[in-house]
Amino acid sequence: MRDIIIVGTDTEVGKTTFSIIYLNAFSDKYAYWKPLETGDSDTARVRDCVPEACVYTPLRHFAEAVAPLLVARRQGDTIPSVGEILAARPPSKQPLLIETFGGPLSPLTENALQIDLIRAWRSPVILVGSSRIGAIGRILSACESLHGVSVIAVVLLGPPDPFAEEQIHRYTQLPVFSLATPQNDHWDASSLRRISLSQLPVLQAIDQLVERYYDDRSCFAAEIQELDQRYVWHPYTPLLEAVLPAPVVAAEEEYLILADGRRVIDAIASWWTILHGHCHPPLVAALRRAAATLDHTVFAGTTHFYAVELAEGLLRSVPGWNGGRVFFSDNGSTAVEVALKMAVQYWRMQGYSKDIFICFQNSYHGDTFGAMSISRDPIYFGMYDSLLFEVMQIPLEVEALVEAIRCRQDRIAAVVIEPLVQGAGGMRMYPAQTLRDLWEVAREENLLFIVDEVMTACRTGRLWAFDHAGIAPDLICTAKTLTGGMLPLAATLAAPRVVELFQHADRSRMFFHGHSYTANPLACAVAAANWRLLQKGDWLHQAKRIEAYWTAHLPRWRGHPKVKDVRWCGTIGVVELNLPGGYLSEMVPRWRAMALEMGVLLRPLGPVLYCLPPLCIRQESLNRVLDVFQACIDIA
Ligand SMILES: *Cc1c(COP(=O)(O)O)cnc(C)c1O
């Protein structure tokens with residue numbers, strides 16, 4: 001619907017006057033709705049002044065002329081939530097002129113401001129202010145608080161002020177209009193009608209901006225797909241894929257919002273990155289603050305508070321790691337490469353030539369050459385096999401590890417493992433005791449033990465998955481959720497045992513690795529804010545809630561003839577089907593298209609249907625994911 005939201009810089013600046021003037025010009029086009037009002041009823045005034053317009057009754061009206069939240073409190077009442085207000089939109093065939101109350105930052109409910117509602121509406125905003133003295137500052141402040149919202153025009157009510165128009169346009173780049181209001185005290189219906197008719201060209205110009213906004217948006221989806229098909233190469237996607245990529249225009253909580261307005265549940269947390277939810281407000285705030293302060297600095301020879309705070313936090317999460325260090329990079333694959341290079345150098349600096357890694361069948365550690373070498377997946381990486389270095393890939397069993405060490409003891413540098421869950425290899429889960437046993441064998445043989453927590457960090461009901469096994473690894477790789485999913489950042493944590501070997505002034509013995517964006521301040525600032533959130537521990541309750549949901553609901557498919565296995569670990573829920581074709585099964589694109597049609601973004605790993613949601617996911621969304629699983633099973 002082509003709704004418009006009327007927002008004022010403040011209360012009493014003329015939002016209702018503007019609505020009346022606008023509605024007078026377009027009474028057959030728009031209907032009016034003010035969901036919340038206090039004091040004298042603006043709705044009643046609009047009805048009186050524009051009787052031919054369709055004017056909807058407010059969702060709530062409070063007689064006392066103070067903030068809605070305050071009246072509600074005094075009356076022992078509550079204000080409807082953002083979701084409830086969205087759901088209460090009148091079933092109007094005409095687009096709505098939606099009038100807000102107060103200013104953008106006026107309190108709405110006990111834990112939301114009006115701006116949260118304005119954002120959630122996703123309709124363009126006309127920002128109304130008075131042209132009296134102070135107009136520039138009031139409008140610019142309001143624009144600051146409206147970040148992330150499409151303000152399409154600024155309207156100054158009162159005597160025209162060309163200087164204010166010029167200054168506001170200069171700092172906002174927005175079209176600015178002045179609208180005269182009736183002289184003196186003639187604010188009756190006929191004066192307002194006259195003033196509206198006399199300024200019809202201005203009103204039409206504003207409405208054309210609204211039209212253009214919506215027209216641009218509706219051709220946007222098709223256009224972006226067309227350009228995408230011409231210019232862009234997507235990861236893990238055939239260039240001639242039949243189903244075009246879905247154009248995403250916004251994201252919030254567990255939803256991706258598509259160009260056609262559909263809200264799709266991001267059931268895979270956007271490749272396992274999004275932790276709390278999309279655009280999580282504390283993280284957005286951290287990014288905004290940092291972006292205005294320090295964009296980037298070379299990390300060799302300079303340092304910054306964000307990286308230092310984050311590194312300290314990360315190291316504190318590993319007990320007994322006094323003397324450990326954090327090395328930053330950009331993504332999971334590089335975090336792994338760093339760990340591999342550190343391990344090799346660790347032995348080399350002691351005079352050993354230990355350069356063979358032990359890794360496990362069905363493991364996945366990333367797409368760069370080192371990471372591919374220790375993943376060795378024939379489907380993913382078979383084509384590059386001749387370039388991959390030698391590793392020992394063994395079954396994930398203690399006996400296999402003992403045997404492998406017996407064969408090549410003098411050459412083995414480290415064991416590399418995904419703790420508890422092998423992600424891309426099919427969400428395969430194994431007991432913490434197995435991890436502990438493997439670690440004990442490695443420790444007895446004095447091998448380095450590298451845990452790749454890139455997928456598992458914060459997903460298994462604990463911060464680190466290895467913590468379930470009570471082990472002390474030597475190198476820890478983390479990336480995906482490190483910034484809560486907002487920016488690319490990775491870290492390789494090195495135990496004191498590893499760091500000690502590098503404690504040299506000798507330049508030939510430093511660690512020869514670095515990226516242009518190592519420890520990017522913006523990413524570190526967001527990650528540090530994320531780390532502070534994790535210390536509060538609320539996220540653990542959310543993780544427990546999701547785990548309890550899987551425990552209650554996944555067993556329904558146990559014993560189903562098409563289902564091979566159901567399993568879950570922390571927030572990860574899996575239904576694996578009996579399906580021929582493995583990862584490249586033809587069923588996968590059909591499943592994905594059907595899931596999207598049902599409002600859920602899935603990326604099954606071959607026959608493995610899984611959900612790895614953002615922590616904020618609500619019960620209804622989890623229910624929807626299960627409906628999609630059922631539909632997938634039905635067509636399999
Ligand atoms: C995703 C993943 C990686 C690679 O991370 P990227 O950021 O995609 O390079 C490495 N290890 C594991 C366990 C992963 O799940």
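Where both partners of a DSSP beta bridge lie in the chain, what percent of those bridges are antiparallel, to the nearest 5? Can you show the working numbers first?
Values: 32 of 73 bridges.
Of those bridges, close to 45 percent are antiparallel.
Near TRP272, once Lys and Arg are set to +1 and Asp and Glu to -1 for all other residues with Cβ below 9 Å from its Cβ, the sum equals +2. With a simple spin-label model that places each label point 7 Å from the Cα along the Cα-to-Cβ direction, the separation between HIS504 and SER218 comes to 6.8 nm. Summing charges over all other residues whose Cβ lies under 9 Å from the Cβ of TYR255, with Lys and Arg as +1 and Asp and Glu as -1, gives -3.
When you count the other C-beta atoms within 10 angstrom of each residue and take the mean per peptide, 595-602, 550-557 line up highest first as 595-602, 550-557.
Normalised radius of gyration for segment 4-216, please: alpha carbon Rg relative to 2.2 N^0.38 Å, two decimal places. Mind dumping the intermediate values first?
Values: Rg = 16.3 Å, N = 213, 2.2 N^0.38 = 16.9 Å.
Rounded to two decimals, the normalised Rg is 0.97.
How far is helix 305-316 tilted, in degrees, relative to the longest principal axis of the Cα atoms in the chain, given as a value from 0 to 90 rounded to the nearest 10? That helix lies at roughly 50 degrees to the long axis. Listed values for segment 427-439 are Karplus-derived 3J(HN,Hα) couplings in whole Hz (6.51 cos²θ - 1.76 cosθ + 1.60, θ = phi - 60°), namely 6, 8, 10, 9, x, 4, 4, 4, 4, 4, 4, 4, 4, and x replaces Gly and Pro.
Give the order of VAL454, VAL243 when sorted by the count of other beta carbons within 10 angstrom, beginning with the fewest. Provide the component values of the computation, followed by the final result.
Working: VAL454 26, VAL243 11.
Fewest to most other Cβ atoms nearby, the residues stand as VAL243, VAL454.
Place the peptides 576-582, 328-334, 523-529 in order of packing, highest mean first, counting for every residue the other Cβ atoms within 10 Å and averaging per peptide.
Details: 576-582: 15.3, 328-334: 23.3, 523-529: 27.4.
Result, highest mean first: 523-529, 328-334, 576-582.
Over segment 303-535, all Cα pairs binned in 10 Å intervals from 0 give whole-percent P(r) values of 8, 34, 39, 17, 2, listed from short to long. For GLY425, the residues whose modelled amide H falls within less than 5 Å of its own, excluding neighbours fewer than 5 places apart on the same chain, are TYR364.
If R₀ is 35 angstrom, what is the calculated FRET efficiency for the pair LEU387 and ARG348, using the beta carbon separation as r and rounding to 0.05? Computed FRET efficiency for LEU387 and ARG348 comes out at 0.95.
Amide hydrogen proximity for MET392: with H placed 1.01 Å from N in the peptide plane, the residues at 5 or more positions away or on another chain lying under 5 Å are PHE357, ILE358, CYS359.
Going from the fewest other Cβ atoms within 10 Å to the most, the residues HIS296, HIS304 appear in the order HIS296, HIS304. In this simple spin-label model, placing a label point 7 Å from the Cα along the Cα-to-Cβ direction at both GLN619 and ILE635 gives a separation of 2.9 nm.
Only Lys, Arg, Asp and Glu carry charge here, each on its Cβ (+1 for the first two, -1 for the last two); on that basis the chain has a dipole of about 560 debye about its Cα centre. Contact order for the chain, expressed relative to its length and based on alpha carbon pairs under 8 Å spaced 6+ residues apart, stands at 12 percent. In order along segment 80-89, phi translates into HN-Hα couplings of x, 6, 3, x, 5, 5, 4, 5, 8, 3 Hz, rounded to whole numbers, per the Karplus curve 6.51 cos²θ - 1.76 cosθ + 1.60 with θ = phi - 60° and x for Gly and Pro. With the convex hull drawn around the C-alpha atoms of segment 393-515, the volume per residue stands at 134 Å³. Here segment 135-186 and segment 232-281 have alpha carbon centers that stand 35 Å from each other. Separation of segment 460-484 and segment 506-549 by C-alpha centroid, Å? Using only Cα atoms, the two centres lie 11 Å from each other.
The spacing between segment 346-390 and segment 592-636, judged by their C-alpha centroids, is 33 Å. With θ taken as phi - 60° and the Karplus curve 6.51 cos²θ - 1.76 cosθ + 1.60 applied, the whole-hertz 3J(HN,Hα) list for segment 112-118 is 9, 9, 4, 4, 5, 5, 4 Hz, x standing for glycine and proline. Taking the longest Cα principal axis of the chain as reference, the axis of helix 15-25 is set at about 70 degrees.
For VAL128, VAL498, VAL66, the sequence from fewest to most other C-beta atoms within 10 Å is VAL66, VAL498, VAL128.
Around the amide H of LEU605, modelled in the peptide plane, lie the amide H atoms of TYR610, all under 5 Å away and 5 or more residues distant in sequence or on another chain.
Cross-linked pairs LYS15/LYS93; LYS354/LYS564; LYS341/LYS544; LYS536/LYS564; LYS341/LYS564: Cα-Cα separations exceed 30 Å for LYS354/LYS564; LYS341/LYS544; LYS536/LYS564; LYS341/LYS564.
Counting only alpha carbon atoms, the long axis of helix 281-291 and the longest principal axis of the chain meet at about 90°. Counting only other residues whose beta carbon sits under 12 Å from that of ILE224, what net charge do I get with K and R as +1, D and E as -1? Net charge around ILE224: -3.
None of the figures in this text is laboratory data; all of them are computed from the coordinates on show. Remember, it's a predicted structure, so these values are computed and weren't measured experimentally. Note that we place each Cβ from the backbone using ideal geometry, even for glycine, and neighbour counts take in every protein chain shown.
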